[in-house]
Ligand code: HEM
């Protein structure tokens with residue numbers, strides 16, 4: 001069945017297509033191949049064959065939950081030594097997936113989110129203190145660095161009642177350094193054959209994992225010592241029994257879930273905010289329209305309430321449009337539950353799998369038009385959305401294993417963009433060219449902005 005799927009010309013039998021590719025940018029290389037080879041294609045690396053799908057019809061077919069499910073492979077499987085059967089990396093059949101999903105889903109309900117809102121505001125205040133100082137000293141701000149501090153503090157506070165002190169540190173918290181290390185290592189395992197990976201890198205990875213574990217163990221110990229009862233994600237993990245079976249998460253599984261949430265809960269949101277700020281700085285007319293909305297909806301209220309965030313419709317469209325062009329988790333894998341035929345054309349055996357290349361699905365000219373590469377938040381006005389076929393915008397994945405933190409991320413990011421738009425004008429560096437770094441997730445590398453306060457009391 002594979003023989004009919006286009007692929008790039010072969011070079012060496014072992015190195016396959018990898019020679020033409022940089023292992024630092026596998027996603028952006030795949031986008032280039034996609035444009036050349038069409039809506040379904042395959043790439044070979046080290047005698048393994050990967051099938052990529054991005055055409056809207058094929059991607060929609062793969063969203064059919066009756067025939068397809070999440071596939072745990074590649075980068076995700078490479079994270080199993082770190083997070084095992086945690087929510088993100090669990091195999092579909094592992095009992096701890098359903099158990100943890102049922103125990104933690106109420107942690108993302110509307111009520112729970114309204115409870116997190118004041119903590120999100122408090123963290124945003126710390127970012128703005130930090131940025132106000134940059135305005136005074138005329139320094140440009142490090143956008144990805146500061147967004148990562150913000151989102152890490154937000155998930156740590158709301159989820160686990162923990163404070164990493166990110167804004168008070170001049171270098172990233174050791175937890176963040178270890179996390180970036182394990183993500184980079186997991187990505188490299190996709191593209192570099194294991195024997196060629198220097199032993200030092202493997203040893204450093206083991207140290208990084210030990211650092212992640214010890215950070216989490218400290219956090220859990222502190223909670224247990226304080227008697228618990230916070231009603232946050234950690235509280236649910238430690239205290240909630242499954243509503244039907246009465247089962248609880250084991251201490252080992254709690255550790256895996258805490259790392260999962262600390263990582264999954266901040267890296268992608270940080271990228272989404274950073275790309276949005278990049279586009280806002282490049283499109284002053286969009287920023288002006290968004291500011292006008294914030295002023296209208298929030299008025300003179302010093303601190304917006306929970307319900308006032310979702311009312312920032314245009315700000316939300318800016319976020320959606322940024323996630324369209326750079327979905328910060330840029331692909332997800334699906335496998336056939338039974339023998340089936342993808343798109344009526346490509347037979348697949350049970351267990352066969354393919355990557356849905358979200359970043360390219362979101363640029364399919366047949367769906368998004370000839371100007372698909374252009375940033376335009378109006379693509380997400382309700383009428384435009386109604387005209388588009390289903391399953392063409394998938395930054396949070398699909399089906400039962402889609403992102404559990406979607407509302408959390410959208411609330412946090414919309415709130416923060418609203419606050420930043422209200423307080424600052426963003427000056428972009430005319431020499432900055434968008435460069436995207438990949439470590440399983442995407443980030444605008446080296447993005448700096450010069451800020452001005454809009455008005456001292458805004
Ligand atoms: C799953 C994207 C924010 C926690 C996923 C998946 C995607 C995704 C694409 C599915 C992966 C797959 O099919 O293999 C994003 C993006 C975010 C974001 C783009 C921000 C803009 C968050 C936040 C949290 C979170 C804030 C937690 C607070 C998770 C978890 C899973 C997941 C636990 C695994 C769910 C399961 O399999 O049951 N995310 N995510 N994510 N995400 Fe997110």
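Laid out as a table, the results:
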quantity: Ordering of 267-277, 288-298, 158-168 by burial proxy (mean other Cβ atoms within 10 Å per residue, highest first); calculated: 267-277, 158-168, 288-298
quantity: Kirkwood Rh, Cα atoms: Rg over Rh of the range 77-127; calculated: 1.16
quantity: Highest-first arrangement of 400-407, 170-177, where packing means the average Cβ count within 10 Å; calculated: 400-407, 170-177
quantity: Over the chain - Rg/Rh using Cα atoms and the Kirkwood inverse-distance radius; calculated: 0.95
quantity: Taking 120, 113 and counting other C-beta atoms within 10 Å, the order from fewest to most; calculated: 113, 120
quantity: Kirkwood Rh in Å, taken over the range 331-458 so that all alpha-carbon pairs contribute; calculated: 18.5
quantity: The range 288-339: equivalent-ellipsoid semi-axes (sqrt of 5 x gyration tensor eigenvalues, Cα, Å); calculated: 36, 14, 8
quantity: Contact order relative to length of the chain, as percent, for alpha carbon pairs under 8 angstrom and 6 or more apart; calculated: 24
quantity: Whether the range 340-412 is rounded, prolate or oblate, judged on the alpha carbon gyration tensor where a/c under 1.5 counts as rounded; calculated: oblate
quantity: Distance (nanometres) between label positions extended 7 Å along Cα→Cβ at residue 250 and residue 431; calculated: 5.6
quantity: Extended-chain gain in nm, criterion 0.36 nm per residue less alpha-carbon gap, residue 102 and residue 35; calculated: 20.1 nm
quantity: Sorted peptide list for 257-265, 444-452, criterion being average Cβ within 10 angstrom, highest first; calculated: 257-265, 444-452
quantity: Fewest-first sequence of 209, 40 by Cβ atoms within 10 Å of each Cβ; calculated: 209, 40
quantity: Rh by Kirkwood over Cα pairs, then Stokes-Einstein D for the range 92-172 at 0.692 mPa s and 37 °C, µm²/s; calculated: 224
quantity: Shape of the range 258-332, Cα gyration tensor, a/c cut at 1.5; calculated: oblate
quantity: Extension gain (nm, one decimal) between residue 171 and residue 385, 0.36 nm per residue minus Cα-Cα; calculated: 72.8 nm
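The numbers here are math on the coordinates, done by the rules we state, and not lab data. Everything quoted here is computed from the prediction, not taken from an experiment. With ideal geometry, Cβ positions are generated from the backbone for all residues, glycine too; neighbour counts draw on all protein chains shown.
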